[in-house]
Amino acid sequence: MGTRGGAIGRALSFFDQGGFEQLLSTLVAIPSTSQEAESAPALDAYLAETMEPWLKRLGFAVSIHPNPLDGFGPILMGRRIEDASLPTILLYGHGDTVRGLKEQWRDGLDPWTVTTEDGRWYGRGTADNKGQHALNIAALEAVLEERGGRLGANIKLVIETAEERGSKGLREFVAAHARELAADALIASDGPRVEPGVPTIATGTRGTFHFDLAVRLRAGGVHSGHWGGLTMDPAIILAHALSTIMDREGKILVRDWLPRNGVPAAVKGVLDGCPVGGGDGAATIDAGWGEPNLTPAEKIYGWNSFIVLAMTSGRPDNPVNAVAPDARAHCQIRYTVDSDPKDFLPALRQHLDAHGLSQVLIENPGLRMPASRTAPDHPWVRWAHESLTRTLDKPVQIIPNSSGGLPGDVFVDHLGVPLVWVPHSYNGCKQHGPDEHLLIAAAREGIAGFAGMWWDLGEGGTPPRGCQGG
């Protein structure tokens, strides 16, 4: 009949003997970036040539659907139903990546080839997200082998190919297939651990709201010698606007953007003692930056942040002696569910006007990805925490939401499932940039942890059916 230890051992043997590295190499070799139109065939190939045959071999009924929105990649749905009365888990992953950026990778590395070096697997998608969902499916395969083809539970699966373009079409797809995708919980992997060696469960994600600040004063630039000191400089006005939004220590001054009641007690409790770090040295945790009197964990998991993603005035690459006609900054708010994004735009307009900055325009505002959060003490979160702790024999950190964004809100809104994200990466993985990589040690823990969870899922003792909610 097999054993829990036997299932975990199978998963680790597959990993240690090179099976997972070979699998990852096959997946990464498909240049499935969703950010370049010419790569559309690779999105189809990733689902049809790799995922579909693998999942069918594991007993899934698989269908690949065109995206409900024109111009975006297809979506795979898989269903492995043993008995409708058994617990049902929904898996999620995305097979698309950002651009390869081959010219920016250091010598000896290629985005579409897995390279092993210093305990890391380099390649585009190793961390975001091919390696992460492949670990979970490989762990499931090991459990099925140990149990003679039976799991003792039901698994449903969605793999999209437009996540790097804002998961366009996913909401419409899930809404249209809500009955087929109904589940007791979503348990999936994306994003980073709080530290490389600390297994993590995130119960949601922060949302993202974007807008431009623009100052337009004239049709073209004017001579800096004749007009400098006489006519308004849009870059200076824009800089002053930004300084009213955030002070020099990183404190947000538009207070109506922030969680109305501060960091909730339940969030503070779960973040007590939570470590933050593990980057690659490209960035630092600056103790004096951000909201005063919050811990680093509270700042990124329980609070909102404001970031200027890009800013231009004139031609920085080829300056001329002119007072520029305009200036623009593209800005982002990352927020938790404790703030209402509907308030962001009116609060900002009122704030700028109160500071005499009515000529600063707010353009292209919009919600890119809504925030989501399941209660950190939800029964399915506790179940996953107990299973991972048992398998890995080390503390597992729960956070109320990851610092980045994921489409968890789609599954909460249309399926009513609690969210259990178990990331296998870390903050320094360089996703979205050159030299993306997956830490081999964290990946090994990931496949073991999921093998243990898949085994426990079929053993009974899961939360009662209908124990849902986001």
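The table below lists the values:
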{"read-out": "Pick from region 423-447, criterion open to solvent by less than 10 Å² (accessible area, probe 1.4 Å) and of a type in the set (A, V, I, L, M), ranking: nearest to Tyr92 (Cα to Cα)", "value": "Ile447"}
{"read-out": "Only listed residue being over 27 Å from Leu357 (Cα atoms), among the charged types (D, E, K, R) and crowded, with 19+ Cβ neighbours inside 10 Å, chosen from Asp326, Asp317, Asp338", "value": "Asp338"}
{"read-out": "Subset tally (residues that are touching a residue at least 24 places away in the same chain (Cβ under 8 Å), within 18 Å of Asp128 (Cβ to Cβ) and open to solvent by 60 Å² or more (accessible area, probe 1.4 Å)) for region 59-108", "value": "2"}
{"read-out": "Output for region 179-216, where each listed residue is open to solvent by 30 Å² or more (accessible area, probe 1.4 Å) and farther than 21 Å from Gln431 by Cβ", "value": "Arg179, Glu180, Ala182, Arg216"}
{"read-out": "The one condition in (1) surrounded by fewer than 24 Cβ atoms within 10 Å (Cβ to Cβ); (2) more than 30 Å from Thr115 (Cα to Cα); (3) in contact with a Ser or Thr (Cβ under 9 Å, 6 or more places away or on another chain) that Val396 fails to fulfil", "value": "(2)"}
{"read-out": "Selection from region 42-101 of residues that are polar (S, T, N, Q), over 21 Å from Glu180 (Cβ atoms) and in contact with a strand residue (DSSP E or B) (Cβ under 9 Å, 6 or more places away or on another chain)", "value": "Thr97"}
{"read-out": "Qualifying residue in region 435-445 (condition: at pLDDT below 95, of a type outside the set (A, V, I, L, M, F, W, C) and part of a loop (DSSP other than H, G, I, E, B))", "value": "no"}
{"read-out": "Unique match (being open to solvent by 10 Å² or more (accessible area, probe 1.4 Å) and touching a helix residue (DSSP H, G or I) at 6+ places or on another chain (Cβ under 7 Å)) among Arg390, Arg373", "value": "Arg390"}
{"read-out": "Any hit, region 441-448, residues being charged (D, E, K, R) and closer than 27 Å to Pro370 by Cα", "value": "no"}
{"read-out": "Failed item, numbered, when Glu38 is tested on (1) touching a residue at least 12 places away in the same chain (Cβ under 8 Å); (2) outside any loop (DSSP other than H, G, I, E, B); (3) charged (D, E, K, R)", "value": "(1)"}
{"read-out": "Single unsatisfied condition, Ala354 versus (1) outside the structural domain of Gly100 (by the TED database); (2) open to solvent by less than 30 Å² (accessible area, probe 1.4 Å)", "value": "(2)"}
{"read-out": "Failed item in (1) open to solvent by less than 50 Å² (accessible area, probe 1.4 Å); (2) in contact with a Pro (Cβ under 9 Å, 6 or more places away or on another chain); (3) under 30 Å from Val194 (Cα atoms), with Ile285 passing the rest", "value": "(1)"}
{"read-out": "Strands (runs of 3 or more DSSP E) enclosed by region 156-234 - at least 2 residues per element that are assigned by the TED database to the domain that holds Phe344 and either closer than 27 Å to Val381 by Cβ or among the hydrophobic types (A, V, I, L, M, F, W, C) (or both)", "value": "207-216"}
{"read-out": "Residue match in region 128-145 (condition: closer than 30 Å to Pro463 by Cα, open to solvent by 20 Å² or more (accessible area, probe 1.4 Å) and not hydrophobic (A, V, I, L, M, F, W, C))", "value": "yes"}
{"read-out": "Unmet criterion (only one of (1) assigned by the TED database to the domain that holds Ala153; (2) over 25 Å from Gly9 (Cα atoms); (3) not in a loop (DSSP other than H, G, I, E, B)) for Glu363", "value": "(1)"}
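Rundown of residues vs (1) farther than 24 Å from Ile245 by Cβ; (2) touching a Ser or Thr at 6+ places or on another chain (Cβ under 6 Å); (3) assigned to a loop (DSSP other than H, G, I, E, B), yes/no style:
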{"position": "Arg260", "(1), (2), (3)": "no, no, yes"}
{"position": "Lys268", "(1), (2), (3)": "yes, no, no"}
{"position": "Gly273", "(1), (2), (3)": "yes, no, yes"}
{"position": "Thr284", "(1), (2), (3)": "no, no, yes"}
{"position": "Gly288", "(1), (2), (3)": "no, no, yes"}
{"position": "Leu294", "(1), (2), (3)": "no, no, yes"}
{"position": "Glu298", "(1), (2), (3)": "no, no, no"}
{"position": "Trp303", "(1), (2), (3)": "no, no, yes"}
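The values are calculated or read from the model by the stated rules, or taken from the named source; none is laboratory data. No experiment lies behind these values; they were computed from the predicted model shown. FYI the Cβ positions are ideal-geometry reconstructions off the backbone, even for glycines, and counts take in every protein chain you see. All accessible areas refer to the heavy atoms of the entire protein, side chains included, with ligands and DNA or RNA removed. Shrake-Rupley method; radii C 1.70, N 1.55, O 1.52, S 1.80 Å.
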